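Participant: This is the structure, below, for whatever I ask next.
The values are calculated or read from the model by the stated rules, or taken from the named source; none is laboratory data. Being a predicted model, the structure only gives us computed values, none of them experimental. Using ideal geometry, Cβ is built from the backbone for each residue, glycine included, and neighbour counts are taken over all protein chains shown.
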Amino acid sequence: MARINTDIKVITSDFGVYIEEIRQGKLVLELCLGRWEDFDSLKEDFSSWMKATQQFLKGELSVETSLQEKRDQLLKYQTKHEEILKKQGDLDNISGKAQGLLQTSHTITQLTTNYQALISMSKEILRKLESYYGDHDKYDMHQKEFITWSETTKLNLLTLQDGVASKDDVGTKLAKLQAMQS
(Lines give C-alpha, C1' and ligand atoms only; values in the text may rest on other atoms or scores of the structure.)
Protein backbone atom coordinates (compact mmCIF):
# COMPACT_ATOMS: atom_id res chain seq x y z
CA MET A 1 0.00 0.00 0.00
CA ALA A 2 2.89 2.32 0.71
CA ARG A 3 4.11 1.72 -2.78
CA ILE A 4 0.70 2.65 -4.20
CA ASN A 5 0.67 5.85 -2.14
CA THR A 6 4.17 6.67 -3.35
CA ASP A 7 3.16 5.98 -6.95
CA ILE A 8 0.06 8.17 -6.53
CA LYS A 9 2.22 10.99 -5.15
CA VAL A 10 4.68 10.64 -8.05
CA ILE A 11 1.86 10.51 -10.60
CA THR A 12 0.16 13.50 -8.96
CA SER A 13 3.43 15.40 -8.96
CA ASP A 14 4.14 14.44 -12.58
CA PHE A 15 0.59 15.40 -13.51
CA GLY A 16 1.10 18.82 -11.91
CA VAL A 17 4.34 19.24 -13.86
CA TYR A 18 2.60 18.26 -17.09
CA ILE A 19 -0.26 20.67 -16.41
CA GLU A 20 2.29 23.46 -15.82
CA GLU A 21 4.14 22.52 -19.02
CA ILE A 22 0.84 22.61 -20.91
CA ARG A 23 0.09 26.07 -19.46
CA GLN A 24 3.57 27.25 -20.42
CA GLY A 25 3.16 25.75 -23.89
CA LYS A 26 -0.18 27.49 -24.25
CA LEU A 27 1.37 30.82 -23.26
CA VAL A 28 4.20 30.33 -25.76
CA LEU A 29 1.73 29.43 -28.50
CA GLU A 30 -0.46 32.44 -27.68
CA LEU A 31 2.62 34.66 -27.78
CA CYS A 32 3.65 33.14 -31.09
CA LEU A 33 0.13 33.58 -32.45
CA GLY A 34 0.20 37.21 -31.37
CA ARG A 35 3.51 37.71 -33.18
CA TRP A 36 2.05 36.09 -36.30
CA GLU A 37 -1.03 38.29 -36.14
CA ASP A 38 1.12 41.38 -35.62
CA PHE A 39 3.36 40.40 -38.52
CA ASP A 40 0.41 39.58 -40.75
CA SER A 41 -1.33 42.87 -39.95
CA LEU A 42 1.81 44.90 -40.70
CA LYS A 43 2.43 42.92 -43.88
CA GLU A 44 -1.13 43.45 -45.09
CA ASP A 45 -1.04 47.18 -44.33
CA PHE A 46 2.28 47.54 -46.14
CA SER A 47 1.07 45.49 -49.09
CA SER A 48 -2.09 47.59 -49.35
CA TRP A 49 -0.05 50.78 -49.23
CA MET A 50 2.30 49.44 -51.92
CA LYS A 51 -0.60 48.46 -54.16
CA ALA A 52 -2.22 51.90 -53.81
CA THR A 53 1.11 53.62 -54.44
CA GLN A 54 1.79 51.47 -57.50
CA GLN A 55 -1.62 52.37 -58.88
CA PHE A 56 -0.87 56.04 -58.27
CA LEU A 57 2.49 55.78 -60.04
CA LYS A 58 1.15 53.66 -62.89
CA GLY A 59 -1.68 56.11 -63.46
CA GLU A 60 -1.40 58.18 -66.57
CA LEU A 61 0.55 61.37 -66.06
CA SER A 62 -1.54 64.32 -67.06
CA VAL A 63 -0.05 66.53 -69.73
CA GLU A 64 0.45 69.88 -68.09
CA THR A 65 0.68 72.91 -70.34
CA SER A 66 2.16 75.61 -68.15
CA LEU A 67 5.48 75.66 -66.39
CA GLN A 68 3.76 76.20 -63.03
CA GLU A 69 1.50 73.18 -63.57
CA LYS A 70 4.53 71.06 -64.46
CA ARG A 71 6.34 72.33 -61.37
CA ASP A 72 3.32 71.49 -59.18
CA GLN A 73 3.12 68.03 -60.72
CA LEU A 74 6.84 67.50 -60.15
CA LEU A 75 6.51 68.57 -56.51
CA LYS A 76 3.56 66.20 -56.05
CA TYR A 77 5.58 63.26 -57.33
CA GLN A 78 8.66 64.30 -55.35
CA THR A 79 6.53 64.25 -52.21
CA LYS A 80 5.22 60.80 -53.12
CA HIS A 81 8.79 59.61 -53.76
CA GLU A 82 9.87 60.88 -50.33
CA GLU A 83 6.92 59.04 -48.78
CA ILE A 84 8.05 55.87 -50.54
CA LEU A 85 11.59 56.23 -49.22
CA LYS A 86 10.31 56.80 -45.68
CA LYS A 87 8.44 53.48 -45.82
CA GLN A 88 11.79 51.66 -45.67
CA GLY A 89 11.45 51.81 -41.88
CA ASP A 90 8.11 50.03 -42.07
CA LEU A 91 9.62 47.32 -44.24
CA ASP A 92 12.50 46.94 -41.79
CA ASN A 93 9.97 46.66 -38.95
CA ILE A 94 8.09 43.93 -40.80
CA SER A 95 11.35 42.10 -41.45
CA GLY A 96 12.18 42.35 -37.76
CA LYS A 97 8.79 40.95 -36.81
CA ALA A 98 9.29 38.09 -39.27
CA GLN A 99 12.48 36.94 -37.62
CA GLY A 100 11.73 33.95 -35.51
CA LEU A 101 8.60 33.11 -37.45
CA LEU A 102 8.85 30.15 -39.76
CA GLN A 103 8.17 30.39 -43.48
CA THR A 104 8.33 34.18 -43.73
CA SER A 105 11.53 34.62 -45.71
CA HIS A 106 9.72 34.27 -49.05
CA THR A 107 7.16 36.87 -47.99
CA ILE A 108 9.85 39.31 -46.87
CA THR A 109 11.83 38.76 -50.07
CA GLN A 110 8.71 39.39 -52.13
CA LEU A 111 7.85 42.55 -50.17
CA THR A 112 11.40 43.82 -50.49
CA THR A 113 11.51 43.12 -54.22
CA ASN A 114 8.19 44.86 -54.79
CA TYR A 115 9.29 47.80 -52.66
CA GLN A 116 12.52 48.17 -54.63
CA ALA A 117 10.52 48.06 -57.88
CA LEU A 118 8.28 50.79 -56.47
CA ILE A 119 11.30 52.97 -55.72
CA SER A 120 12.63 52.42 -59.24
CA MET A 121 9.27 53.29 -60.78
CA SER A 122 9.07 56.43 -58.69
CA LYS A 123 12.60 57.48 -59.65
CA GLU A 124 11.83 56.98 -63.34
CA ILE A 125 8.67 59.09 -63.13
CA LEU A 126 10.55 61.81 -61.28
CA ARG A 127 13.29 61.75 -63.91
CA LYS A 128 10.70 62.21 -66.66
CA LEU A 129 8.88 64.99 -64.83
CA GLU A 130 12.13 66.80 -64.10
CA SER A 131 12.99 66.54 -67.79
CA TYR A 132 9.55 67.85 -68.83
CA TYR A 133 9.85 70.72 -66.39
CA GLY A 134 13.40 71.54 -67.50
CA ASP A 135 12.46 71.42 -71.18
CA HIS A 136 9.50 73.70 -70.60
CA ASP A 137 11.64 76.09 -68.58
CA LYS A 138 14.19 76.24 -71.43
CA TYR A 139 11.37 76.78 -73.90
CA ASP A 140 10.03 79.70 -71.86
CA MET A 141 13.52 81.20 -71.61
CA HIS A 142 14.11 80.90 -75.37
CA GLN A 143 10.67 82.29 -76.07
CA LYS A 144 11.44 85.35 -73.94
CA GLU A 145 14.78 85.77 -75.69
CA PHE A 146 13.03 85.57 -79.06
CA ILE A 147 10.40 88.11 -78.05
CA THR A 148 13.12 90.49 -76.85
CA TRP A 149 15.07 90.00 -80.09
CA SER A 150 11.91 90.45 -82.16
CA GLU A 151 10.95 93.68 -80.40
CA THR A 152 14.49 95.03 -80.70
CA THR A 153 14.54 94.15 -84.39
CA LYS A 154 11.18 95.85 -84.95
CA LEU A 155 12.46 99.00 -83.27
CA ASN A 156 15.62 98.92 -85.37
CA LEU A 157 13.58 98.44 -88.53
CA LEU A 158 11.34 101.36 -87.60
CA THR A 159 14.37 103.61 -87.28
CA LEU A 160 15.57 102.44 -90.68
CA GLN A 161 12.16 102.95 -92.27
CA ASP A 162 12.38 106.73 -92.44
CA GLY A 163 11.93 107.41 -96.16
CA VAL A 164 13.70 110.77 -96.31
CA ALA A 165 17.43 110.42 -96.08
CA SER A 166 20.64 111.46 -97.73
CA LYS A 167 22.87 109.12 -99.64
CA ASP A 168 25.16 108.74 -96.59
CA ASP A 169 22.14 108.02 -94.35
CA VAL A 170 20.94 105.36 -96.79
CA GLY A 171 24.41 103.77 -96.73
CA THR A 172 24.42 103.79 -92.93
CA LYS A 173 20.92 102.33 -92.81
CA LEU A 174 21.90 99.66 -95.32
CA ALA A 175 24.92 98.72 -93.19
CA LYS A 176 22.70 98.50 -90.07
CA LEU A 177 20.23 96.34 -91.98
CA GLN A 178 22.98 94.00 -93.14
CA ALA A 179 24.33 93.81 -89.57
CA MET A 180 20.87 92.82 -88.31
CA GLN A 181 20.69 90.01 -90.88
CA SER A 182 23.92 88.42 -89.72
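Participant: Return the residue satisfying two criteria in turn: it lies in region 109-151 and is in contact (Cβ under 8 Å) with a residue 12 or more places away in the chain and more than 20 Å from the chain's Cα centre (by Cα), and of such residues it is farthest from Gly34 (Cα to Cα). Don't jump to the end; show me each part of the working.
Facilitator: Step one: of region 109-151, the residues in contact (Cβ under 8 Å) with a residue 12 or more places away in the chain are 111-112, 114-115, 118-119, 121-123, 125-126, 128-130, 132-133, 136-137, 140.
Subsequent filtering for residues that are more than 20 Å from the chain's Cα centre (by Cα) retains 136-137, 140.
Numbers: His136: 54, Asp137: 55, Asp140: 60 Å.
Among those residues, the one meeting the criterion is Asp140.
Participant: Something else: Testing Ser95 on (1) modelled with pLDDT of 80 or more; (2) more than 17 Å from the chain's Cα centre (by Cα); (3) exposed (fewer than 11 other Cβ atoms within 10 Å of the Cβ), one condition comes back false. Which one is that?
Facilitator: So the condition that Ser95 fails would be (3).
Participant: Another question, then. When you scan region 36-57, do you find a residue that is closer than 30 Å to Asp140 by Cα, modelled with pLDDT under 95 and part of a helix (DSSP H, G or I), even just one? Write out each step before concluding.
Facilitator: So the first thing to find is which residues in region 36-57 are closer than 30 Å to Asp140 by Cα, and the list is 56-57.
From the residues that got through so far, the ones that are modelled with pLDDT under 95 too are 56-57.
Filter again for part of a helix (DSSP H, G or I), leaving 56-57.
Yes, that holds for at least one residue.
Participant: Take the residues of region 114-165 that are closer than 30 Å to Leu85 by Cα and aromatic (Phe, Trp, Tyr): which is surrounded by the fewest Cβ atoms within 10 Å (Cβ to Cβ)?
Facilitator: Tyr132
Participant: Now for a separate question. Of everything in region 130-161, what is among the hydrophobic types (A, V, I, L, M, F, W, C) and modelled with pLDDT of 90 or more? Give them in sequence order.
Facilitator: Within region 130-161, Met141, Phe146, Ile147, Trp149 qualify.
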